[in-house]
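What follows is a single structure, written as structure tokens, with notes after it.
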Amino acid sequence: MIYPIVIMFVTVIILGVLMIYVVPKFEDIYRDQLRGAPLPVLTQIVLETANAIKDNLLSGVVLVVAAVLGFRLLKQSRVGARSLDWLALHVPLLGDLALKASIARFSRTLGTLLASGVPILQSLLITRDTSGNSIVVEGIDYVHDRVKEGESIAIPLEQTKVFPGMVTSMIDVGEETGELNEMLNRVADTYEEEVDNAVAGLTSIIEPIMIVFLAGVVGTIVVALFLPIKDLIQRLQ
């Protein structure tokens, strides 16, 4: 996501410079030269938008800072963190990617710990602390408590409604065959590959969309600023 973020940052800077410094200069020129003549609709929209941004710049900065601070406070609260984590797993397109990443992290960590001889209960606790999502943490806690009572991993894992059936089925097979750590690593390999492919696909889509968006916005502003040039030339003639 580094490249899309850089593109977005550059977009904000370019639009800010255009709206705050460039567009007002054209407005002054048109006001002096056209002497109150009506401007094209697109030009009026751009000029009004630039004036609104310029007049409310400080308020906008304060609003952005307040939004960032509010998001951090919400993330630190238990209810807020759970709500955001639930949203992260259910938002269209990205939610499936986040879930697959969590499953891959869970499977890889648990499989590595079991292969190293770490007891199952301790492995679950360590895996829980590295999950990075409170919804997944709750599911692992539930599995830990059920395993502590003597149950297997697959059944309570399926009851959490967080992990897909394919994952629980493969873990069930691993428990029955005594190769749980190997099966977990296979699950991790599968989901890590899916996550890599999904990220590559999203990145390949996001980059051209953002470039086209930047070109469209800047092009619209430029066209809007030069539309009155024809009337201005006629008046000068």
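The values are calculated or read from the model by the stated rules, or taken from the named source; none is laboratory data. Computed from a prediction, not measured in an experiment: that's the story for all the values here. Counting neighbours? That spans all protein chains shown, and the Cβs are built from the backbone with ideal geometry, glycine included. Please note that ligands, DNA and RNA were not included when accessible areas were found on the heavy atoms of the full protein model with its side chains. Shrake-Rupley method; radii C 1.70, N 1.55, O 1.52, S 1.80 Å.
Within 10 Å, at most 16 other Cβ atoms, and a DSSP state outside H, G, I, E, B define an exposed site. Report the longest part of the chain free of exposed GluC sites (Glu not before Pro). Formally, the longest exposed-site-free interval is 1-148.
For region 125-171, the fraction of 1.4 Å probe accessible surface lying on carbon and sulfur atoms is 54 percent. For the chain, the mean residue ellipticity at 222 nm estimated from helices alone is -27500 deg cm²/dmol, where every DSSP H run of n ≥ 4 contributes -39500 (n - 2.57) and the total is divided by all residues, rounded to the nearest 500. Taking trypsin sites (Lys or Arg not before Pro) in DSSP loop states with no more than 15 other Cβ atoms inside 10 Å as exposed sites, the chain has its longest site-free stretch at 36-160. Of the labelled options (i) 18.2; (ii) 18.8; (iii) 22.4, which one gives Kirkwood radius over Cα pairs in Å as computed for this structure? This structure yields the entry labelled (iii). The accessible surface of region 1-49, taken with every protein chain in place and a 1.4 Å probe, is 73 percent carbon and sulfur.
Kirkwood Rh and Cα-based Rg: tell me the resulting Rg over Rh for region 33-108, rounded to two decimals. Write down the numbers at each step before the final one.
Working: Rg = 22.1 Å, Rh = 16.7 Å.
Rounded to two decimals, Rg over Rh is 1.32.
Spin-label pair V6-S116: with each label point 7 Å from Cα along the Cα-Cβ axis, the two points sit 3.5 nm from one another. Over every Cα atom in region 85-156, the radius of gyration and the widest Cα-Cα span, Dmax, amount to 12.6, 39 Å. Just how far, in whole angstrom, is region 81-132 from region 139-184 if you go by their alpha carbon centroids? What the calculation gives is 13 Å, centre to centre. Separation of region 1-46 from region 198-235 is 12 Å, based on Cα centroids.
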